[in-house]
Amino acid sequence: IDQKALQHALDNPDKIMTDARFIPNMLNNRQEGFILREIKKGGIYDSLGLRNDDILLRINDYNISSPGDALQAFTALRGMERVRLDIIRSGIKMTMAYQIR
């Protein structure tokens, strides 16, 4: 991941929340992450390789169960060298790992 692009996104928290639409993913009456929809081309989620209908569960060690959690997780990326995303894509859990350069 390009460090400058990530820093630009982190400096604009409103952009982080508008680069995709977050829909709560409900499982057994509990929220487990967010379904990503309407991912903007060239936005932070697109640059991370996320796709529409991916379910974002965790960013590094942060569970994503509210928009505030997602924002907090992204702001915690400041100064990090690595990012790990736990997602569900097409029903399959996977981890995506990135190095920030």
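The values are calculated or read from the model by the stated rules, or taken from the named source; none is laboratory data. These numbers were taken from a predicted model, which means no experiment stands behind them. Quick note on the areas: whole protein, heavy atoms, side chains included, nothing else; ligands and nucleic acids left out. Shrake-Rupley method; radii C 1.70, N 1.55, O 1.52, S 1.80 Å.
A few notes on this one:
- Extension gain, ALA76 to THR95: 0.36 nm times the residue separation minus the Cα-Cα distance gives 5.0 nm.
- Surface per residue (accessible, 1.4 Å probe) for the chain, Å²: 60 Å²
- A full extension of the chain between MET17 and ASN63 corresponds to an added length of 14.9 nm, given 0.36 nm per residue minus the alpha carbon distance.
- Against the rule of thumb 2.2 N^0.38 Å, how large the Cα Rg of the chain comes out: 0.99
- In the assembled protein chains, ASP11 presents an accessible area of approximately 90 Å² (probe radius 1.4 Å).
- Accessible surface of region 38-97 [probe 1.4 Å, protein heavy atoms]: carbon and sulfur percent: 48 percent
- Scaled radius of gyration (Cα, divided by 2.2 N^0.38 Å) that region 1-55 gives: 1.22
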